[in-house]
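The values are calculated or read from the model by the stated rules, or taken from the named source; none is laboratory data. The structure displayed is predicted, hence computed values, not measured ones. Positions of Cβ are generated from backbone atoms using ideal geometry, with glycine treated the same way; all protein chains shown enter the neighbour counts. Heads up: the accessible areas ignore ligands, DNA and RNA and are worked out on the full protein's heavy atoms, side chains in. Shrake-Rupley method; radii C 1.70, N 1.55, O 1.52, S 1.80 Å.
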Amino acid sequence: MSKYIFVTGGVCSGLGKGVASASIGSLLENRGFNIRMIKIDPYINVDAGTMSPYQHGEVYVTEDGAETDLDLGNYSRFTSSPINRDNSITTGQVYQAVITKEREGRFLGRTVQVIPHITDEIKARIIRVGEQPGVDVTLVEVGGTVGDIESIPFLEAARQFIHDMGKENVLFVHLTLVPQVYWGEPKSKPTQHSVRELREIGIQPDLLLCRSSGMLDEDLRRKISLFTNVEKEAVISAYDVRTTIYDIPLSFVGQNVDAIIMKKLGLADKGPSRDGWKQVVEHFANAKRTARIAIVGKYTGLHDSYISIFESLFHGGIANRARVQLVKFESEDLEDGRDLASAFADCDGILVPGGFGLRGIEGMILAARYARENKVPYLGICLGMQIMVIEYSRSCLGLKDANSTEFEPEAKNPVVSLLEEQVDITAYGGTMRLGKGDTHLKAGSRIHAAYGAQVISERHRHRYEVSNQYRKGLEDAGLIVSGLTPDSTLVESIEWPDHPWGVGVQFHPEFKSKPLAPSPLFSHFITACLAAQEKTASLRA
Ligand code: GLN
(Lines give C-alpha, C1' and ligand atoms only; values in the text may rest on other atoms or scores of the structure.)
Protein backbone atom coordinates (compact mmCIF):
# COMPACT_ATOMS: atom_id res chain seq x y z
CA MET A 1 0.00 0.00 0.00
CA SER A 2 1.23 3.51 -0.83
CA LYS A 3 1.91 6.09 1.83
CA TYR A 4 0.60 9.58 1.09
CA ILE A 5 2.29 12.95 1.52
CA PHE A 6 0.25 16.13 1.07
CA VAL A 7 2.07 19.39 0.45
CA THR A 8 0.10 22.54 1.24
CA GLY A 9 1.10 26.18 1.08
CA GLY A 10 0.45 29.09 3.40
CA VAL A 11 0.84 32.86 3.74
CA CYS A 12 1.00 33.69 0.02
CA SER A 13 1.36 32.17 -3.39
CA GLY A 14 4.52 31.90 -5.43
CA LEU A 15 6.70 30.41 -2.70
CA GLY A 16 7.89 27.55 -4.91
CA LYS A 17 5.65 24.75 -3.66
CA GLY A 18 6.06 22.86 -6.93
CA VAL A 19 9.83 22.80 -6.74
CA ALA A 20 9.70 21.97 -3.01
CA SER A 21 7.34 19.04 -3.71
CA ALA A 22 9.48 17.86 -6.61
CA SER A 23 12.55 18.08 -4.38
CA ILE A 24 10.93 15.90 -1.72
CA GLY A 25 10.05 13.46 -4.50
CA SER A 26 13.66 13.34 -5.62
CA LEU A 27 14.85 12.80 -2.05
CA LEU A 28 12.57 9.79 -1.68
CA GLU A 29 13.64 8.38 -5.04
CA ASN A 30 17.24 8.75 -3.95
CA ARG A 31 16.39 6.55 -0.98
CA GLY A 32 15.12 3.89 -3.36
CA PHE A 33 11.38 4.49 -3.16
CA ASN A 34 9.01 4.24 -6.08
CA ILE A 35 7.02 7.45 -6.02
CA ARG A 36 4.16 9.14 -7.84
CA MET A 37 3.49 12.87 -7.95
CA ILE A 38 0.08 14.54 -8.27
CA LYS A 39 -0.73 18.23 -8.67
CA ILE A 40 -4.10 19.52 -7.58
CA ASP A 41 -5.21 22.80 -9.15
CA PRO A 42 -8.28 24.23 -7.47
CA TYR A 43 -9.43 26.24 -10.51
CA ILE A 44 -12.59 25.43 -12.45
CA ASN A 45 -10.85 25.12 -15.82
CA VAL A 46 -10.85 21.44 -16.75
CA ASP A 47 -7.19 21.76 -17.70
CA ALA A 48 -4.57 24.45 -18.19
CA GLY A 49 -4.87 24.22 -21.97
CA THR A 50 -7.26 27.11 -22.32
CA MET A 51 -5.32 29.43 -20.01
CA SER A 52 -3.04 32.22 -21.17
CA PRO A 53 0.62 31.68 -20.31
CA TYR A 54 0.47 35.12 -18.70
CA GLN A 55 -2.22 33.89 -16.31
CA HIS A 56 -0.72 30.66 -15.20
CA GLY A 57 2.68 30.18 -16.83
CA GLU A 58 3.51 27.49 -19.34
CA VAL A 59 1.12 24.69 -20.22
CA TYR A 60 3.01 21.44 -19.64
CA VAL A 61 2.06 18.58 -21.97
CA THR A 62 2.25 14.94 -20.88
CA GLU A 63 3.03 11.88 -23.02
CA ASP A 64 -0.67 11.04 -23.19
CA GLY A 65 -1.56 14.54 -24.33
CA ALA A 66 -2.90 16.19 -21.17
CA GLU A 67 -2.40 19.96 -20.95
CA THR A 68 -1.38 20.52 -17.37
CA ASP A 69 0.10 22.89 -14.84
CA LEU A 70 3.78 23.75 -15.15
CA ASP A 71 4.53 22.06 -11.82
CA LEU A 72 4.20 18.71 -13.57
CA GLY A 73 7.24 19.82 -15.55
CA ASN A 74 9.09 20.37 -12.28
CA TYR A 75 8.14 16.86 -11.17
CA SER A 76 9.38 15.48 -14.44
CA ARG A 77 12.71 17.31 -14.18
CA PHE A 78 13.37 16.38 -10.55
CA THR A 79 12.10 12.80 -10.49
CA SER A 80 11.65 9.80 -12.73
CA SER A 81 8.04 9.29 -11.68
CA PRO A 82 5.78 8.82 -14.73
CA ILE A 83 3.66 11.91 -15.40
CA ASN A 84 0.39 11.41 -17.24
CA ARG A 85 -3.17 12.68 -17.38
CA ASP A 86 -3.97 11.08 -14.01
CA ASN A 87 -1.26 13.08 -12.26
CA SER A 88 -3.13 16.35 -12.69
CA ILE A 89 -6.41 16.99 -10.87
CA THR A 90 -8.48 20.16 -11.20
CA THR A 91 -11.76 21.29 -9.69
CA GLY A 92 -13.12 21.34 -13.26
CA GLN A 93 -12.33 17.65 -13.80
CA VAL A 94 -13.75 16.63 -10.44
CA TYR A 95 -17.04 18.48 -10.91
CA GLN A 96 -17.32 17.37 -14.53
CA ALA A 97 -17.01 13.72 -13.45
CA VAL A 98 -19.48 14.08 -10.57
CA ILE A 99 -22.03 15.95 -12.69
CA THR A 100 -21.73 13.36 -15.47
CA LYS A 101 -22.47 10.60 -12.93
CA GLU A 102 -25.41 12.58 -11.61
CA ARG A 103 -26.85 12.96 -15.13
CA GLU A 104 -26.44 9.22 -15.64
CA GLY A 105 -28.53 8.68 -12.52
CA ARG A 106 -25.73 6.89 -10.71
CA PHE A 107 -26.42 8.56 -7.35
CA LEU A 108 -29.80 6.78 -7.14
CA GLY A 109 -31.87 9.78 -6.15
CA ARG A 110 -29.57 11.07 -3.43
CA THR A 111 -28.71 14.76 -3.04
CA VAL A 112 -25.26 15.26 -4.56
CA GLN A 113 -23.05 17.30 -2.22
CA VAL A 114 -19.49 18.56 -1.78
CA ILE A 115 -19.09 16.13 1.12
CA PRO A 116 -19.12 13.22 0.42
CA HIS A 117 -19.51 13.21 -3.39
CA ILE A 118 -16.91 15.76 -4.44
CA THR A 119 -14.45 14.67 -1.74
CA ASP A 120 -14.98 10.99 -2.67
CA GLU A 121 -14.20 11.79 -6.30
CA ILE A 122 -11.02 13.63 -5.23
CA LYS A 123 -9.92 10.73 -3.01
CA ALA A 124 -10.67 8.16 -5.73
CA ARG A 125 -8.47 10.08 -8.18
CA ILE A 126 -5.57 10.23 -5.74
CA ILE A 127 -5.90 6.58 -4.77
CA ARG A 128 -6.06 5.54 -8.45
CA VAL A 129 -2.51 6.85 -8.80
CA GLY A 130 -1.34 5.57 -5.40
CA GLU A 131 -2.56 2.07 -6.20
CA GLN A 132 -0.50 1.71 -9.37
CA PRO A 133 1.73 -1.37 -8.98
CA GLY A 134 4.75 -1.03 -6.72
CA VAL A 135 4.17 2.55 -5.56
CA ASP A 136 5.68 3.29 -2.13
CA VAL A 137 4.82 6.95 -1.73
CA THR A 138 2.31 9.24 -3.47
CA LEU A 139 3.05 12.93 -3.13
CA VAL A 140 0.10 15.27 -3.60
CA GLU A 141 0.70 18.99 -3.97
CA VAL A 142 -2.40 21.02 -3.20
CA GLY A 143 -2.24 24.20 -5.29
CA GLY A 144 -3.29 27.55 -3.93
CA THR A 145 -2.89 28.93 -0.43
CA VAL A 146 -4.53 27.54 2.69
CA GLY A 147 -7.50 29.79 3.38
CA ASP A 148 -8.55 30.06 -0.27
CA ILE A 149 -12.20 29.11 -0.75
CA GLU A 150 -11.35 26.99 -3.80
CA SER A 151 -9.03 24.58 -2.03
CA ILE A 152 -11.36 23.69 0.85
CA PRO A 153 -12.82 20.48 -0.70
CA PHE A 154 -9.29 19.25 -1.52
CA LEU A 155 -8.03 19.91 2.00
CA GLU A 156 -11.09 18.18 3.41
CA ALA A 157 -10.36 15.17 1.19
CA ALA A 158 -6.74 15.23 2.42
CA ARG A 159 -7.93 15.34 6.02
CA GLN A 160 -10.12 12.30 5.38
CA PHE A 161 -7.03 10.37 4.25
CA ILE A 162 -5.90 10.30 7.89
CA HIS A 163 -9.23 8.73 8.82
CA ASP A 164 -9.27 6.33 5.87
CA MET A 165 -5.62 5.26 5.74
CA GLY A 166 -4.43 5.72 9.33
CA LYS A 167 -2.18 8.47 10.67
CA GLU A 168 0.96 6.38 10.16
CA ASN A 169 0.39 6.35 6.41
CA VAL A 170 -0.27 10.03 5.79
CA LEU A 171 2.08 12.97 6.19
CA PHE A 172 1.44 16.69 5.86
CA VAL A 173 4.11 19.09 4.70
CA HIS A 174 3.29 22.79 4.88
CA LEU A 175 5.29 25.42 3.03
CA THR A 176 5.20 28.88 4.58
CA LEU A 177 7.01 32.18 4.48
CA VAL A 178 9.18 33.63 7.22
CA PRO A 179 9.50 37.18 5.95
CA GLN A 180 12.22 39.54 6.97
CA VAL A 181 10.75 42.88 7.98
CA TYR A 182 12.56 45.92 6.65
CA TRP A 183 14.79 46.33 9.69
CA GLY A 184 16.06 42.83 9.09
CA GLU A 185 14.25 40.66 11.63
CA PRO A 186 12.71 37.38 10.42
CA LYS A 187 9.11 37.02 11.58
CA SER A 188 7.29 33.80 12.47
CA LYS A 189 3.77 35.21 12.93
CA PRO A 190 2.50 34.55 9.37
CA THR A 191 3.62 30.92 9.76
CA GLN A 192 1.82 30.60 13.08
CA HIS A 193 -1.36 31.97 11.54
CA SER A 194 -1.28 29.76 8.49
CA VAL A 195 -0.69 26.62 10.57
CA ARG A 196 -3.57 27.65 12.80
CA GLU A 197 -5.74 27.93 9.71
CA LEU A 198 -4.76 24.38 8.69
CA ARG A 199 -5.44 23.04 12.16
CA GLU A 200 -8.89 24.61 12.11
CA ILE A 201 -9.77 22.30 9.25
CA GLY A 202 -8.35 19.31 11.05
CA ILE A 203 -4.87 19.09 9.58
CA GLN A 204 -1.80 19.19 11.81
CA PRO A 205 1.33 19.57 9.68
CA ASP A 206 4.16 17.13 10.40
CA LEU A 207 6.86 19.11 8.66
CA LEU A 208 7.22 22.80 7.93
CA LEU A 209 9.26 24.16 5.08
CA CYS A 210 9.88 27.78 5.94
CA ARG A 211 10.84 29.96 3.00
CA SER A 212 13.34 32.53 4.18
CA SER A 213 16.24 34.45 2.77
CA GLY A 214 18.76 32.72 5.08
CA MET A 215 18.91 29.76 7.47
CA LEU A 216 16.47 30.09 10.40
CA ASP A 217 18.29 30.28 13.72
CA GLU A 218 17.65 27.81 16.54
CA ASP A 219 15.58 30.24 18.59
CA LEU A 220 13.22 30.97 15.76
CA ARG A 221 12.82 27.28 14.95
CA ARG A 222 12.08 26.58 18.62
CA LYS A 223 9.49 29.34 18.66
CA ILE A 224 7.81 28.14 15.46
CA SER A 225 7.85 24.60 16.85
CA LEU A 226 6.20 25.72 20.09
CA PHE A 227 3.43 27.65 18.37
CA THR A 228 2.70 25.12 15.65
CA ASN A 229 3.18 21.80 17.46
CA VAL A 230 5.66 20.69 14.81
CA GLU A 231 8.83 19.09 16.25
CA LYS A 232 11.80 21.43 16.08
CA GLU A 233 13.78 19.02 13.85
CA ALA A 234 10.91 19.15 11.39
CA VAL A 235 10.95 22.95 11.11
CA ILE A 236 13.07 23.23 8.00
CA SER A 237 14.73 26.27 6.46
CA ALA A 238 13.76 26.45 2.81
CA TYR A 239 16.26 29.26 2.33
CA ASP A 240 17.01 30.97 -0.95
CA VAL A 241 19.55 28.89 -2.87
CA ARG A 242 22.15 30.87 -4.68
CA THR A 243 22.97 29.21 -7.94
CA THR A 244 20.27 26.83 -9.14
CA ILE A 245 16.95 25.35 -8.05
CA TYR A 246 18.63 21.95 -8.44
CA ASP A 247 20.41 22.82 -5.19
CA ILE A 248 17.17 22.55 -3.22
CA PRO A 249 17.11 18.73 -2.83
CA LEU A 250 20.63 18.89 -1.41
CA SER A 251 19.69 21.65 1.02
CA PHE A 252 16.79 19.46 2.22
CA VAL A 253 19.04 16.41 2.61
CA GLY A 254 21.41 18.59 4.64
CA GLN A 255 18.54 19.15 7.09
CA ASN A 256 17.50 15.47 7.14
CA VAL A 257 14.15 16.01 5.46
CA ASP A 258 14.33 12.51 3.93
CA ALA A 259 15.15 10.84 7.25
CA ILE A 260 12.39 12.76 9.08
CA ILE A 261 9.78 11.79 6.47
CA MET A 262 10.88 8.15 6.50
CA LYS A 263 10.75 8.01 10.28
CA LYS A 264 7.30 9.56 10.47
CA LEU A 265 5.91 7.27 7.77
CA GLY A 266 7.69 4.18 9.09
CA LEU A 267 9.61 3.69 5.84
CA ALA A 268 12.83 1.69 5.91
CA ASP A 269 15.63 2.59 3.50
CA LYS A 270 15.10 0.77 0.22
CA GLY A 271 18.37 1.21 -1.50
CA PRO A 272 21.58 3.11 -1.91
CA SER A 273 21.23 6.81 -2.48
CA ARG A 274 22.10 8.21 -5.87
CA ASP A 275 24.15 11.36 -5.89
CA GLY A 276 23.51 12.57 -9.42
CA TRP A 277 22.27 15.88 -8.03
CA LYS A 278 25.71 16.68 -6.68
CA GLN A 279 27.08 16.56 -10.21
CA VAL A 280 24.37 18.90 -11.44
CA VAL A 281 25.01 21.44 -8.70
CA GLU A 282 28.79 21.20 -9.03
CA HIS A 283 28.38 21.87 -12.69
CA PHE A 284 26.66 25.19 -12.02
CA ALA A 285 29.40 26.15 -9.60
CA ASN A 286 32.29 25.13 -11.86
CA ALA A 287 31.22 25.88 -15.44
CA LYS A 288 33.81 28.09 -17.10
CA ARG A 289 32.07 29.23 -20.27
CA THR A 290 28.75 31.02 -20.67
CA ALA A 291 26.46 30.81 -23.69
CA ARG A 292 24.18 33.83 -24.10
CA ILE A 293 20.90 32.87 -25.70
CA ALA A 294 18.36 35.32 -27.09
CA ILE A 295 14.77 34.25 -26.52
CA VAL A 296 12.48 36.02 -28.96
CA GLY A 297 9.00 35.31 -27.68
CA LYS A 298 5.75 36.96 -26.84
CA TYR A 299 5.29 36.07 -23.20
CA THR A 300 8.81 36.92 -22.01
CA GLY A 301 7.49 39.22 -19.26
CA LEU A 302 6.71 36.19 -17.11
CA HIS A 303 9.56 33.74 -16.53
CA ASP A 304 7.15 30.85 -15.96
CA SER A 305 5.68 31.19 -19.47
CA TYR A 306 8.69 29.43 -20.96
CA ILE A 307 9.94 27.58 -17.92
CA SER A 308 10.57 24.20 -19.58
CA ILE A 309 12.47 25.89 -22.41
CA PHE A 310 14.64 27.87 -20.01
CA GLU A 311 15.34 24.78 -17.92
CA SER A 312 16.17 22.77 -21.06
CA LEU A 313 18.67 25.44 -22.08
CA PHE A 314 20.31 25.08 -18.66
CA HIS A 315 20.37 21.31 -19.17
CA GLY A 316 21.99 21.85 -22.57
CA GLY A 317 24.55 23.96 -20.73
CA ILE A 318 25.24 21.13 -18.30
CA ALA A 319 25.93 18.81 -21.24
CA ASN A 320 28.47 21.34 -22.54
CA ARG A 321 29.98 22.26 -19.18
CA ALA A 322 28.77 25.78 -19.72
CA ARG A 323 26.46 28.22 -18.04
CA VAL A 324 23.56 29.66 -19.99
CA GLN A 325 22.52 33.27 -19.77
CA LEU A 326 19.05 34.16 -21.05
CA VAL A 327 18.55 37.40 -22.95
CA LYS A 328 14.81 37.95 -23.34
CA PHE A 329 13.27 39.94 -26.18
CA GLU A 330 9.56 40.71 -26.60
CA SER A 331 9.27 40.03 -30.31
CA GLU A 332 6.88 42.96 -30.76
CA ASP A 333 9.69 45.31 -29.70
CA LEU A 334 11.78 44.19 -32.69
CA GLU A 335 9.13 45.41 -35.12
CA ASP A 336 9.98 49.11 -34.83
CA GLY A 337 12.92 49.03 -37.24
CA ARG A 338 15.48 48.38 -34.53
CA ASP A 339 19.01 47.50 -35.58
CA LEU A 340 19.06 43.76 -35.01
CA ALA A 341 22.84 43.49 -35.30
CA SER A 342 23.24 45.62 -32.21
CA ALA A 343 20.26 44.02 -30.44
CA PHE A 344 21.76 40.55 -30.88
CA ALA A 345 25.43 41.66 -30.74
CA ASP A 346 26.19 39.80 -27.51
CA CYS A 347 24.04 36.74 -28.22
CA ASP A 348 25.53 33.44 -29.31
CA GLY A 349 22.25 31.96 -30.50
CA ILE A 350 18.57 32.75 -30.98
CA LEU A 351 15.61 30.67 -29.87
CA VAL A 352 12.04 31.32 -30.95
CA PRO A 353 9.66 29.36 -28.72
CA GLY A 354 6.06 28.24 -29.17
CA GLY A 355 3.10 30.58 -29.04
CA PHE A 356 -0.33 31.45 -30.32
CA GLY A 357 -1.92 34.42 -32.05
CA LEU A 358 -0.84 37.29 -34.27
CA ARG A 359 0.88 39.65 -31.85
CA GLY A 360 4.65 39.75 -32.25
CA ILE A 361 4.83 37.41 -35.24
CA GLU A 362 6.60 39.84 -37.58
CA GLY A 363 9.28 40.48 -34.93
CA MET A 364 9.94 36.75 -34.76
CA ILE A 365 10.18 36.59 -38.56
CA LEU A 366 12.77 39.40 -38.47
CA ALA A 367 14.76 37.54 -35.81
CA ALA A 368 14.68 34.33 -37.86
CA ARG A 369 15.81 36.18 -40.98
CA TYR A 370 18.65 37.78 -39.03
CA ALA A 371 19.77 34.38 -37.69
CA ARG A 372 19.60 32.74 -41.11
CA GLU A 373 21.40 35.49 -42.98
CA ASN A 374 24.05 36.07 -40.33
CA LYS A 375 24.62 32.39 -39.63
CA VAL A 376 23.65 32.68 -35.98
CA PRO A 377 22.63 29.33 -34.42
CA TYR A 378 18.84 29.17 -34.22
CA LEU A 379 16.38 26.82 -32.59
CA GLY A 380 12.73 27.20 -33.51
CA ILE A 381 10.21 25.34 -31.42
CA CYS A 382 6.70 24.77 -32.77
CA LEU A 383 5.67 28.33 -33.65
CA GLY A 384 9.43 29.01 -33.96
CA MET A 385 9.59 26.43 -36.76
CA GLN A 386 6.48 27.79 -38.50
CA ILE A 387 8.17 31.21 -38.40
CA MET A 388 11.18 29.72 -40.22
CA VAL A 389 8.87 28.40 -42.94
CA ILE A 390 7.11 31.75 -43.39
CA GLU A 391 10.43 33.62 -43.46
CA TYR A 392 12.02 31.19 -45.92
CA SER A 393 9.00 31.35 -48.21
CA ARG A 394 9.06 35.14 -48.22
CA SER A 395 12.84 35.49 -48.64
CA CYS A 396 13.84 32.49 -50.74
CA LEU A 397 10.67 31.49 -52.63
CA GLY A 398 9.70 35.03 -53.51
CA LEU A 399 6.29 34.62 -51.84
CA LYS A 400 6.18 38.06 -50.23
CA ASP A 401 2.70 37.42 -48.82
CA ALA A 402 3.43 33.96 -47.36
CA ASN A 403 1.84 33.50 -43.95
CA SER A 404 0.12 31.07 -41.62
CA THR A 405 -3.66 31.05 -41.74
CA GLU A 406 -3.52 31.40 -37.96
CA PHE A 407 -2.37 35.00 -38.46
CA GLU A 408 -4.02 35.74 -41.80
CA PRO A 409 -6.98 33.43 -42.50
CA GLU A 410 -7.22 34.56 -46.14
CA ALA A 411 -3.47 34.48 -46.81
CA LYS A 412 -2.66 34.25 -50.54
CA ASN A 413 0.18 31.87 -49.81
CA PRO A 414 -0.82 29.87 -46.73
CA VAL A 415 2.50 28.05 -46.20
CA VAL A 416 1.33 27.05 -42.73
CA SER A 417 -2.32 26.07 -42.42
CA LEU A 418 -4.91 23.87 -40.74
CA LEU A 419 -5.34 20.24 -41.69
CA GLU A 420 -8.67 19.35 -43.30
CA GLU A 421 -9.78 17.51 -40.17
CA GLN A 422 -9.10 20.56 -37.97
CA VAL A 423 -10.98 23.10 -40.08
CA ASP A 424 -14.41 22.45 -38.59
CA ILE A 425 -13.35 22.22 -34.95
CA THR A 426 -14.69 25.18 -33.03
CA ALA A 427 -14.07 24.14 -29.39
CA TYR A 428 -10.73 25.21 -27.90
CA GLY A 429 -10.20 22.77 -25.02
CA GLY A 430 -8.11 19.69 -25.83
CA THR A 431 -8.62 19.86 -29.59
CA MET A 432 -5.05 20.36 -30.76
CA ARG A 433 -2.56 17.73 -31.86
CA LEU A 434 -1.45 16.74 -28.38
CA GLY A 435 1.00 14.36 -26.75
CA LYS A 436 3.64 11.99 -27.96
CA GLY A 437 4.25 11.14 -31.58
CA ASP A 438 7.06 9.61 -33.62
CA THR A 439 9.27 11.49 -36.05
CA HIS A 440 11.43 9.86 -38.72
CA LEU A 441 14.68 11.74 -39.17
CA LYS A 442 16.69 12.23 -42.32
CA ALA A 443 20.16 10.71 -42.18
CA GLY A 444 22.91 13.32 -42.33
CA SER A 445 20.76 16.11 -40.88
CA ARG A 446 21.71 18.19 -37.83
CA ILE A 447 18.77 16.81 -35.89
CA HIS A 448 19.71 13.24 -36.78
CA ALA A 449 23.21 13.89 -35.47
CA ALA A 450 21.76 15.36 -32.27
CA TYR A 451 19.47 12.43 -31.45
CA GLY A 452 21.73 9.77 -32.93
CA ALA A 453 18.60 7.85 -33.97
CA GLN A 454 16.38 7.36 -36.99
CA VAL A 455 13.10 7.44 -35.10
CA ILE A 456 12.41 9.66 -32.12
CA SER A 457 9.37 10.37 -29.99
CA GLU A 458 8.51 13.85 -28.74
CA ARG A 459 5.38 15.66 -27.58
CA HIS A 460 3.15 17.97 -29.57
CA ARG A 461 0.81 20.84 -28.89
CA HIS A 462 -0.28 22.70 -31.98
CA ARG A 463 -3.03 23.08 -34.51
CA TYR A 464 -1.32 24.35 -37.65
CA GLU A 465 1.02 22.41 -39.98
CA VAL A 466 3.46 23.17 -42.77
CA SER A 467 1.30 23.04 -45.89
CA ASN A 468 2.18 20.09 -48.13
CA GLN A 469 1.30 22.20 -51.14
CA TYR A 470 4.45 24.21 -50.54
CA ARG A 471 6.70 21.43 -49.29
CA LYS A 472 8.31 20.62 -52.63
CA GLY A 473 8.81 24.28 -53.50
CA LEU A 474 10.51 24.92 -50.16
CA GLU A 475 12.78 21.90 -50.64
CA ASP A 476 13.62 22.95 -54.19
CA ALA A 477 14.60 26.34 -52.77
CA GLY A 478 17.04 24.59 -50.43
CA LEU A 479 15.12 24.18 -47.16
CA ILE A 480 15.92 20.79 -45.64
CA VAL A 481 12.91 18.83 -44.43
CA SER A 482 14.74 16.72 -41.88
CA GLY A 483 11.87 15.07 -40.02
CA LEU A 484 8.48 13.66 -40.98
CA THR A 485 5.66 11.81 -39.27
CA PRO A 486 5.96 8.02 -39.84
CA ASP A 487 3.43 8.20 -42.72
CA SER A 488 5.39 11.12 -44.25
CA THR A 489 2.28 13.29 -44.32
CA LEU A 490 3.41 16.02 -41.90
CA VAL A 491 6.61 18.01 -41.57
CA GLU A 492 8.13 17.58 -38.11
CA SER A 493 11.48 19.32 -38.49
CA ILE A 494 13.37 21.54 -40.90
CA GLU A 495 16.87 22.98 -41.26
CA TRP A 496 18.46 25.87 -43.09
CA PRO A 497 20.98 24.99 -45.78
CA ASP A 498 24.48 26.51 -45.67
CA HIS A 499 24.07 27.44 -42.06
CA PRO A 500 26.05 26.35 -38.98
CA TRP A 501 22.97 25.27 -37.03
CA GLY A 502 19.44 26.39 -37.88
CA VAL A 503 16.88 23.83 -36.79
CA GLY A 504 13.13 24.07 -36.35
CA VAL A 505 10.90 21.42 -34.82
CA GLN A 506 7.13 21.18 -34.79
CA PHE A 507 7.24 19.27 -31.51
CA HIS A 508 8.29 20.36 -28.01
CA PRO A 509 11.59 18.75 -26.96
CA GLU A 510 11.60 20.88 -23.78
CA PHE A 511 9.00 18.70 -22.08
CA LYS A 512 11.29 15.67 -21.85
CA SER A 513 14.59 17.32 -20.91
CA LYS A 514 16.03 16.67 -17.46
CA PRO A 515 19.17 17.99 -15.78
CA LEU A 516 20.61 14.47 -15.71
CA ALA A 517 19.33 13.61 -19.20
CA PRO A 518 19.36 16.82 -21.28
CA SER A 519 17.38 16.97 -24.51
CA PRO A 520 19.87 16.26 -27.32
CA LEU A 521 18.43 19.09 -29.37
CA PHE A 522 19.17 21.62 -26.64
CA SER A 523 22.65 20.17 -25.99
CA HIS A 524 23.54 20.41 -29.68
CA PHE A 525 22.07 23.91 -29.93
CA ILE A 526 24.27 25.06 -27.03
CA THR A 527 27.30 23.33 -28.60
CA ALA A 528 26.63 25.28 -31.80
CA CYS A 529 26.22 28.54 -29.83
CA LEU A 530 29.53 28.00 -28.02
CA ALA A 531 31.25 27.25 -31.34
CA ALA A 532 29.79 30.47 -32.78
CA GLN A 533 31.04 32.35 -29.76
CA GLU A 534 34.56 31.01 -30.24
CA LYS A 535 34.49 31.91 -33.90
CA THR A 536 33.39 35.48 -33.17
CA ALA A 537 36.06 35.79 -30.47
CA SER A 538 38.79 34.60 -32.82
CA LEU A 539 37.58 36.99 -35.53
CA ARG A 540 37.66 39.87 -33.06
CA ALA A 541 41.13 38.92 -31.76
N1 GLN B 1 0.12 28.49 -32.87
C2 GLN B 1 0.79 27.43 -33.53
C3 GLN B 1 -0.14 26.26 -33.82
O4 GLN B 1 -1.18 26.15 -33.23
C5 GLN B 1 2.00 26.96 -32.75
C6 GLN B 1 1.66 26.33 -31.46
C7 GLN B 1 2.81 26.24 -30.51
O8 GLN B 1 3.82 26.90 -30.71
N9 GLN B 1 2.69 25.46 -29.45
O10 GLN B 1 0.15 25.42 -34.62
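What to note about this one:
- Computed extension length for Gln96-Asp333: 81.1 nm, one decimal, from 0.36 nm per residue of separation with the Cα-Cα distance subtracted.
- When peptides 107-114, 227-234 are ranked by their average number of other Cβ atoms within 10 Å per residue, the highest-first order is 227-234, 107-114.
- The charge dipole of the range 420-541, taken about its Cα centre with unit charges on the Cβ atoms of Lys, Arg (+1), Asp and Glu (-1) only, comes to about 480 debye.
- Computed from Cα atoms, the angle from the helix 119-130 axis to the main principal axis of the chain rounds to 70 degrees.
- Charge dipole magnitude, Cβ of K and R +1, D and E -1 - the range 330-422, Cα centre, debye nearest 20: 360
- Neighbours of Gly18 by Cβ distance under 14 Å: Lys/Arg scored +1, Asp/Glu scored -1, total -3.
- Fully extended contour minus Cα-Cα distance, from Leu326 to Thr111, at 0.36 nm per residue: 71.9 nm
- Nearest-ten-degree value, helix 307-319 long axis tilted from longest Cα axis of the chain: 80
- Qualifying lysines (Cα of each under 21 Å from Cα of Lys187; at least 8 residues distant if same chain): Lys17, Lys223, Lys232
- Computed over protein heavy atoms with a 1.4 Å probe, the carbon and sulfur contribution to the accessible area of the chain reaches 52%.
- Solvent exposure of the range 2-143 as accessible area per residue, Å², 1.4 Å probe: 35
- Straight-distance crosslink candidates among lysines, where the alpha carbon sits under 18 Å from Lys328 and sequence neighbours closer than 8 are dropped: Lys298
- Measuring with a 1.4 angstrom probe and ignoring ligands and nucleic acids, Leu397 comes out at about 50 Å² accessible.
- Amide H contacts under 5 Å for Leu175: Thr8, Gly9, Gly10, Leu209, restricted to partners 5 or more places along the chain or on a different chain, H placed in the peptide plane at 1.01 Å from N.
- Spin-label model, His163 to Glu362: label points 7 Å out along the Cα-to-beta-carbon direction sit 6.2 nm apart.
- Ordered from highest to lowest accessible area with the whole protein assembly present and a 1.4 Å probe, Trp183, Trp501 read as Trp183, Trp501.
- Residues of the range 430-541: accessible area per residue with a 1.4 Å probe, Å²: 40
- Spin-label model distance (nm) - Asp120 vs Met51, 7 Å beyond Cα toward Cβ: 2.9
- Ranking Leu539, Ser188, Leu340 by how far each Cα lies toward the positive end of the dipole of the chain (charges on Cβ) leaves Ser188 at the top.
- Percent of C-alpha pairs per 20 Å bin, the chain, short to long: 21, 50, 27, 3, 0
- A Förster distance of 30 Å, applied to the separation of the beta-carbon atoms of Glu218 and Thr243, puts the FRET efficiency at 0.70.
- Angle in degrees between helix 218-228 and the longest Cα principal axis of the chain, rounded to the nearest 10: 70
- Stretch gain in nm, segment Glu408-Asn468, where the contour uses 0.36 nm per residue and the Cα spacing is subtracted: 19.8 nm
- Bridges between two residues of the chain, per DSSP, are antiparallel at a rate of about 30%.
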